[in-house]
Amino acid sequence: DAIPSADQIRITTSLKSQRGSVWTKNKSIFEYWEVEVTFRVTGRGRIGADGLAIWFTEEQGLEGPVFGAADKWNGVGIFFDSFDNDGKKNNPGVIIVGNNGKLLYDHQNDGSTQALASCQRDFRNKPYPVRVKITYYQKTLTVLINNGFTPDKEDYEFCAKVEDMVLPSQGYFGISAATGGLADDHDVLSFLTFQLTEPGKEVPTPDAEIPQKDKEKYQEEFEHFQQELDKKKEEFQKEHPDVQGQPGKLFEQFFTDDLFESVSDRELRQIFEGQNRIHLEIKQLNRQLDMILDEQRRYVSAVTDEIAKRGAGFPGQQGQVSQQEIEKVVKTQEEVIRQVNEIRNSMADTLRLISGAQHPGSAAGVYETTQHFNDIKEHLHVVKRDIEHLVQRNMPSSEKSKCPDLPPFPSCLSTMHFFIFVAVQTVLFIGYIMYRSQQEAAAKKFF
């Protein structure tokens, strides 16, 4: 289902149950190699499927069930898996899976039982194309990824590494993709392959590679070009006699333009450098926040396991922990909240600085920073939800919050006094009615 065009190849369109792949026609004979792939995965849904794969295999896997390519491959596949089949919430992710030609890919577990290395990266719906650099050198496979948040082509981050990996000496490079019930557009913009050589290794000289006939041909072409250049110089001097004897004057302006920048160029350069520095600071803050969240999850898991163990050992005290442990948990949560708030304040200051740079060229940087801030805001909500859940679960049942009981109403009147009061009131009411009746009868007689 792949569709080629002038500037890219759409491996699969955003339709259900699509498969596509592109493979090299000839085998690569490189002992060590490096590939740089630029692709874009876009879709309208919050979740995409199935994903994209980059291959180096002994034979071409033109079609099959593994991201659009054949199963039981002999080589390695780097999978960009969009859909979470095992429900562990670790997708989208990048997975490295090797095969000797005999194994079936474990779809249900997202290849986790066969993965040699992996990392969790979101590569869908990015403002810039995602770039991947895969290096195989001295039996070590390394994967670097540019997450597509910046136009800088060299802004790579480490993703995964596999050592002592033996691959076929010759093989085909390929890229494939597939869709399922959900669908994304999988577009490949470039696929560059490089040969790597060991430092100090003898490389054939250019003279040894060019035959003698070709050298003579190139020499004749060079001499012909030199003669044409001399003729052009003579014609130019005839047409511009005022610049004769000053051959460097014509190029002075060009060199001046290259060496000195204008005020607007300097301002643009400063804004761009500032945006890059802010972007690096935001990435650093994002890494720190991820580290805090990971530590928080590990701590919560440890506390939960400890509570479960104690509950199993003492059935009568299951679900209850000591007051000292609860205070320790609460203090730890307060420290985590304080650190997260500091990071959030730093992010807010950085966002205000970016918003102050009102320049049309900074729109991409503002969008990128806003995206980072939204991701961090989502992480903060997750931390808050985990903290509330942990505190409510670890609080003893006797200390759980409950509505206060209403105070008892005071009883200031006894039963005997109440009945006497009712009788007196009844007598007064009957007397008043009789008095009003006599007054009305007397008035009628008068008239």
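Output the residues belonging to region 37-55 that are within 14 Å of K16 (Cβ to Cβ) and in contact with a Phe, Trp or Tyr (Cβ under 6 Å, 6 or more places away or on another chain).
Selection gives A49, D50.
Sort out which residues of region 125-147 are surrounded by fewer than 20 Cβ atoms within 10 Å (Cβ to Cβ) and out of contact with any Leu (no Cβ under 6 Å at 6 or more places or on another chain), and write them in order of number.
Within region 125-147, N125, K126, P127, Y128, T135, Q138, K139, T140, T142, L144, N147 qualify.
In region 167-187, what residues are among the hydroxyl-bearing types (S, T, Y), surrounded by 24 or more Cβ atoms within 10 Å (Cβ to Cβ) and in a loop (DSSP other than H, G, I, E, B)?
Selection gives T179 alone.
Give region 29-45 a look and list any residue that's hydroxyl-bearing (S, T, Y) and either touching a helix residue (DSSP H, G or I) at 6+ places or on another chain (Cβ under 7 Å) or closer than 21 Å to L189 by Cα (or both), or say none.
Once the filter is applied, which keeps residues that are hydroxyl-bearing (S, T, Y) and either touching a helix residue (DSSP H, G or I) at 6+ places or on another chain (Cβ under 7 Å) or closer than 21 Å to L189 by Cα (or both), region 29-45 yields T38, T42.
Are there any pairs with C-beta distances below 7 angstrom linking a residue in region 167-178 that is within 17 Å of T142 (Cα to Cα) and touching a residue at least 60 places away in the same chain (Cβ under 8 Å) to a residue that is part of a strand (DSSP E or B) and small (G, A, S), with the two at least 6 apart or on different chains, and if so which?
Qualifying pairs under 7 Å: L167/G75; P168/G75; F173/S28.
Select, from F39, F67, F83, F56, the only residue that is open to solvent by 40 Å² or more (accessible area, probe 1.4 Å) and aromatic (F, W, Y).
F83
Quick check: is even one residue across region 6-25 buried (at least 16 other Cβ atoms within 10 Å of the Cβ), farther than 19 Å from F191 by Cβ and under 22 Å from the mean Cα position of the chain (by Cα)?
Checking region 6-25: at least one residue is buried (at least 16 other Cβ atoms within 10 Å of the Cβ), farther than 19 Å from F191 by Cβ and under 22 Å from the mean Cα position of the chain (by Cα).
The values are calculated or read from the model by the stated rules, or taken from the named source; none is laboratory data. All values derive from a computational prediction rather than experimental measurement. Note that we place each Cβ from the backbone using ideal geometry, even for glycine, and neighbour counts take in every protein chain shown. The protein model used for the area step is the full one, side chains on, heavy atoms only, and it has no ligands, DNA or RNA in it. Shrake-Rupley method; radii C 1.70, N 1.55, O 1.52, S 1.80 Å.
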